[in-house]
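Taking it in order: structure first as structure tokens, then the write-up.
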Amino acid sequence: MRVPLIAPSILSANFACLGDEIKAVDKQGADWIHLDVMDGHFVPNITFGPVVLESLRSYSKLPFDVHFMIEPIDPFIEPFVRAGADQISFHIEVGPHAHRSLQHIKSFGIKAGIVICPATPAIAISEVLDLVDNILVMTVNPGFGGQKFLTSQLAKIRKIYEMVKETGRLISISVDGGINAQTASLVVEAGANVLIAGTSIYNQPNYGQAMNALRGVQK
Ligand code: DX5
Ligand code: ZN
């Protein structure tokens, strides 16, 4: 089985020292840094804005993978690009002009992704596959860390894997929510190649070991 990329989600890190928490996973072999931006409107939780992202930028050269859980999207694209985002993914459920928002993100020369909630069928993203670099499949309902993985989403990951294959394009398939060593092997088997994880990395004493466990590598 392919070894997936690991994207620690700082939502479960110690917010009193986020810079050091990012440095720590970077040093221990993380591939991307996942940053959850929540607005208390699209999701029932609030995290941080571009000022915080900008202040974290100098702590790691790894790609900053920004997960928008905000509505609207468009006014916040440029501020997050300027702050140092390498990829911005937003929810297909935030309407109505996903196509334009993806074009807008790509116009800054960074990567663009689309996120799909548990209740949304795979077909909902079929008309934007020519524009996306990343598809993020939520395996919990967005808003909080530490929730239980939804097994029901495995079939959707498989479907999306087939849809991506058909495009012939290079599109990463990320999964987010309830990813631990057990669920990691299920989603990788279904076709995911980027594992986003908060609790199962930041709530462990050894971040490096935790990331290797997700990769299926015992070290
Ligand atoms: C939830 C966020 C996730 C969150 C995952 O809405 O998008 O990135 O950090 O947390 P865990 O890995 O604890 O389920
Ligand atoms: Zn996320």
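The values are calculated or read from the model by the stated rules, or taken from the named source; none is laboratory data. Quick caveat, the model's predicted, so the values are computed rather than measured. Cβ sites come from the backbone with ideal geometry, for glycine too, and all protein chains shown count toward neighbours.
Quick notes on this one:
- Some residue of the stretch 54-69 being part of a helix (DSSP H, G or I), away from ligand 1 (no atom under 16 Å from the Cβ), at negative phi and hydrophobic (A, V, I, L, M, F, W, C): no
- Wholly within the stretch 73-177, strands (runs of 3 or more DSSP E) carrying at least 2 residues that are among the polar types (S, T, N, Q): 87-91, 172-176
- When the criteria are applied in full, S107 fails the requirement of being away from ligand 2 (no atom under 15 Å from the Cβ), touching a Pro at 6+ places or on another chain (Cβ under 8 Å) and among the hydroxyl-bearing types (S, T, Y).
- Counted residues, the stretch 94-116 - those being modelled with pLDDT of 95 or more and surrounded by fewer than 17 Cβ atoms within 10 Å (Cβ to Cβ): 8
- Test result for G177, out of contact with any Lys or Arg (no Cβ under 8 Å at 6 or more places or on another chain), on the phi > 0 side of the Ramachandran plot, within 16 Å of ligand 2 (Cβ to nearest atom) and in contact (Cβ under 8 Å) with a residue 24 or more places away in the chain: yes
- Residues located in the stretch 185-211, provided they are in a helix (DSSP H, G or I), within 16 Å of ligand 1 (Cβ to nearest atom) and touching a residue at least 24 places away in the same chain (Cβ under 8 Å): S185, L186, V187, V188, T199, I201, Y202, Y207, M211
- The set of residues in the stretch 1-23 that are part of a helix (DSSP H, G or I) and more than 15 Å from ligand 1 (Cβ to nearest atom) comprises A16, C17, G19, D20, K23.
- Test: residue in the stretch 24-39 that is away from ligand 2 (no atom under 16 Å from the Cβ), assigned to a helix (DSSP H, G or I), over 17 Å from the mean Cα position of the chain (by Cα) and on the phi < 0 side of the Ramachandran plot: yes
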